[in-house]
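To start, the structure itself, in structure tokens.
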Amino acid sequence: MRFQLTSRLPVLPFSLLLSAACVGHHAYAETAQATVYFSASPASIEQGRSVNLAWDASNATACSASWSGPIPLSGSYATPPLQAGTNYTINCTSGEQTISRTVAVDVTPSCENCFKKRWIYYYGGLGYKRGVENASYKKLVELIGRAKQAGYNGIMLNVGGDDSYTSLLKPREAPEFQANFDEIKKLASDNGIELIPVGGSPDVAAKIDPTLAEALPVNNTPFVVDGSKATPVGGSIVSNGGFDKGTEGWYLFDTSVHYDTSGQNGAVKLDQTDPNGRARLYRPFTNINPHTAYRLSFSVKTQNYDAPLRIQIFPPAADDYNTDIPLYMSRNYLGWGSTDGKWNAKANAIATTQDWTRYNIDFNTRAYTGFRLYIGAWGNGTTKTGFALIDDIDIREIGLAHTVRRPSLPVVVSAEANGERIVYTESKDYEVGVESLLILPGSGIHDKDRLLVSGYQEATNMLPIWNPPGNSCSSKYYDVQRAAYQNIKQLFTSSKFFINYDEWRIMNWDRSCGNLTAGEYLANTARTMQDMLSSENQNIDMYVWNDMFDPYANAIDHYLAVNGPLLDGWKGLHANTTIMNWIQNRTDKNLQVPSLKFFSDRKFHQMIALYYDDDSDLTRTRQWLDSLDAAEKDGVTGVDGFMYTTWQNNDNYGALENVSELIKSRYSKRWPK
Ligand SMILES: [Ca+2]
């Protein structure tokens, strides 16, 4: 042992002795008179890092250092960031003797673009069955083993679906979760896989507190009082909705749509003869009030019909806006109905053969003054002989349906009288009932009065999203997010956190934040959220998807039911946020290069989310890597990782090894040794 070389052991703290024994590149020697210890820790660094020098001289009278002149007999010094290999020397004197010690610090070029983060996206529940009986648990166990073998070092864990709320936010309510999660955590740690939590979605706030839901304005619906109840004046805006005047007012959009006289005083028949399955009934509506809530009702009868029947409602074609943006396009094809003020238990659906059945859906005109209604099929089933009959189409204003109420989203009941506007008082003049108002005894509202009722309507089911997002104007939004993060922080050891802003399709309708653009609203929300997260965890390292902040994706002038232009939301992101870029090229346009450049120009680090769903021959993975090469040729820096990202069925992990092999061979210098 090196300490036995001298009988006069220098008095060093135990930890320093350990570092002397363990750390390379140190000089340790002694003379009869003096012993000088000098070390650099670490002795090898990446460009731009600093090292700590430590020394201790026993029986010496003076020491000097190459970096500063005279120094104390023992001490330490942190070097400035080093750009190249550097030698440090100290000289200590003892009588006539000078002892010189030198340490060499190796500096390796910084690998800014090394794939330091090699992650996998995982979405699944862990809560309701123990261990391997739980399919999600089992899949994750297998994935961790394969991840290690294939060279991955992180799994972004969206413990997902309906399970995520109970699992991540209320673990005690899912009794199997904790044990399953603890085992996953241990397994991941044993295999060198970091588990990165996903959370902070705006949905979380609305799920925990439904009064925080983003909601669409419904302005001045005319109501009429009948006794102690007021309901919308109503009346269908659809003429010839029963087809008793043939197809007057309607367009039979495809050759597989016919007028049918077999019953019900006329109906429309959709058959399955079109090779592409197109069978659409169409009608445009004009001179419609904006910000109005409507209920569409219709009847369907089928025989041996298995094409997916859909309802789609778009803004008017003549509108300046992007007319591809739907007003109503539920992820449930035929929409989701409502009865007695509540959503039905199940989405609207037809049987292959069924007698006449009535359905309804609710929609909102937003800022538009018209809309285009489509009922029909865009794709075929397997039977080619079946048909569906549609009849009795009715659209009327619906007041106070799925109303969201909070201080900034009031229900306002008023009337016009003698040119004056009277505003009535809740609990004194009326109470809000089920899609109606209850007029109270002694109310200022009287039988047969005409009222104007304004409120805010849940946009649930109107767009293909799962849950309505919360609105961040109220500080309650962040209270809910904070409590959620505190739970997540307890569960995970990683300081990384993925803020799940994904397809945020309804946004910025609450004016209590001020008259903001959607981009400003998003920037404020992201900044306040990240401030809150940073206050909860000083070491937090935050990640977001690109799309809501990306002008080549969703950050555009008109994005679905987002109120106002969604530009410049990125300005709210903390500078050290990493963008997880999953943008896909269009057939006519490379979007990946400009998107990577957009975020690189704004100094964000990025990871590329490769392998989006089915890509078993890696065509799209190669395309992504080609885009990365082109972007980096164009000056893009800061792409320091990738994520194997699968979404559909969360099941496409088949190419895990092939993807990492491809990257390893194509970027051997960027793959950490
Ligand atoms: Ca009819």
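The values are calculated or read from the model by the stated rules, or taken from the named source; none is laboratory data. In this text the structure is predicted, and so the values were computed from the model without any measurement. No Cβ is skipped: glycine too gets one built from the backbone with ideal geometry, and neighbour counts run over all protein chains shown.
In a residue-by-residue description of region 467-476, the property of being outside the structural domain of residue 363 (by TED's automatic domain parsing), among the basic types (Lys, Arg), at pLDDT 95 or above and in a helix (DSSP H, G or I) applies to at least one position.
Taken over region 334-353, the residue count meeting the criterion of being buried (at least 19 other Cβ atoms within 10 Å of the Cβ) and either at negative phi or not in a loop (DSSP other than H, G, I, E, B) (or both) is 6.
Residues of region 239-251 that are within 15 Å of the ligand (Cβ to nearest atom) and either in contact (Cβ under 8 Å) with a residue 24 or more places away in the chain or not basic (Lys, Arg) (or both): 239, 240, 241, 242, 243, 244, 246, 247, 248, 249, 250. In region 597-648, what residues are assigned to a helix (DSSP H, G or I) and either modelled with pLDDT under 95 or closer than 24 Å to residue 147 by Cβ (or both)? Passing the criteria: 619, 620, 621, 622, 623, 624, 625, 628, 648. Assess whether residue 313 counts as being aliphatic (A, V, I, L, M), assigned to a loop (DSSP other than H, G, I, E, B) and more than 13 Å from the ligand (Cβ to nearest atom). Taking the combined requirement at face value, the residue does not satisfy it. Scanning region 354-404 for residues that are polar (S, T, N, Q) and more than 16 Å from the ligand (Cβ to nearest atom) turns up 354, 360, 364, 365, 369, 380, 382, 383, 385, 403.
Would you check if residue 303 is in contact (Cβ under 8 Å) with a residue 24 or more places away in the chain, more than 38 Å from the chain's Cα centre (by Cα), surrounded by 14 or more Cβ atoms within 10 Å (Cβ to Cβ) and away from the ligand (no atom under 16 Å from the Cβ)? Answer is yes for this residue. Among residues of region 412-431 being of a type in the set (Val, Ile, Thr) and surrounded by fewer than 18 Cβ atoms within 10 Å (Cβ to Cβ), the one that is farthest from the ligand (Cβ to nearest atom) is 425. Which one of the conditions (1) within 16 Å of the ligand (Cβ to nearest atom); (2) assigned by TED's automatic domain parsing to the domain that holds residue 432; (3) of a type outside the set (A, V, I, L, M) does residue 227 fail to meet, given that it meets all the rest? Going through (1) within 16 Å of the ligand (Cβ to nearest atom); (2) assigned by TED's automatic domain parsing to the domain that holds residue 432; (3) of a type outside the set (A, V, I, L, M) one by one, residue 227 breaks only (1). Looking across region 182-192 at every residue that is free of Cβ contacts under 8 Å to residues at least 60 places away in the same chain and touching a Leu at 6+ places or on another chain (Cβ under 8 Å), the one that is farthest from residue 496 (Cα to Cα) is identified as 184.
The strands (runs of 3 or more DSSP E) found entirely in region 253-294 that carry 2 or more residues being hydrophobic (A, V, I, L, M, F, W, C) are 267-271, 279-285. One residue stands out among those in region 195-216 that are in contact with a helix residue (DSSP H, G or I) (Cβ under 9 Å, 6 or more places away or on another chain) and part of a strand (DSSP E or B): the one that is nearest to residue 457 (Cα to Cα), which is 213. Taking the stated definitions as given, is residue 134 surrounded by 20 or more Cβ atoms within 10 Å (Cβ to Cβ) and either over 23 Å from the mean Cα position of the chain (by Cα) or among the aliphatic types (A, V, I, L, M) (or both)? The answer is yes for residue 134.
In region 202-222, the residues that are within 20 Å of residue 398 (Cα to Cα) form Cβ pairs under 7 Å with partners that are assigned to a helix (DSSP H, G or I), at six or more places apart or across chains, as follows: 213/206.
For the structure I just gave you, tell me whether residue 616 is more than 16 Å from residue 119 (Cα to Cα) and assigned by TED's automatic domain parsing to the domain that holds residue 579. In short, yes.
All told, residue 308 meets the bar of being more than 15 Å from the ligand (Cβ to nearest atom) and either assigned by TED's automatic domain parsing to the domain that holds residue 221 or within 19 Å of residue 380 (Cβ to Cβ) (or both). Applying the condition of being modelled with pLDDT under 95 and small (Gly, Ala, Ser) to region 387-408 and asking which residue is surrounded by the most Cβ atoms within 10 Å (Cβ to Cβ) yields 399. For region 383-425, residues that are over 29 Å from residue 462 (Cα atoms) and not hydroxyl-bearing (Ser, Thr, Tyr) total 10. Quick check on residue 578: is it in contact with a His (Cβ under 6 Å, 6 or more places away or on another chain) and of a type outside the set (A, V, I, L, M)? Considered against the rule, which asks whether it is in contact with a His (Cβ under 6 Å, 6 or more places away or on another chain) and of a type outside the set (A, V, I, L, M), residue 578 comes out as yes. Restricting attention to region 368-378, the residues being within 18 Å of residue 237 (Cβ to Cβ) and either among the hydrophobic types (A, V, I, L, M, F, W, C) or part of a loop (DSSP other than H, G, I, E, B) (or both) number 6.
Looking only at residues that are of a type in the set (D, E, K, R) and within 19 Å of residue 358 (Cβ to Cβ) in region 252-282, which one is farthest from the ligand (Cβ to nearest atom)? In this case the residue turns out to be 269.
Residues in region 578-598 that are β-branched (Val, Ile, Thr) and either over 15 Å from the mean Cα position of the chain (by Cα) or surrounded by fewer than 21 Cβ atoms within 10 Å (Cβ to Cβ) (or both): 587, 593.
For every residue, the table says whether it meets (1) under 20 Å from residue 326 (Cα atoms); (2) in contact (Cβ under 8 Å) with a residue 24 or more places away in the chain.
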| residue | (1), (2) |
| --- | --- |
| 523 | no, yes |
| 527 | no, yes |
| 538 | no, no |
| 542 | no, yes |
| 564 | yes, yes |
| 572 | no, yes |
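Has region 140-162 got at least one residue that is in a helix (DSSP H, G or I) and modelled with pLDDT under 85? Scanning region 140-162 turns up at least one residue that is in a helix (DSSP H, G or I) and modelled with pLDDT under 85.
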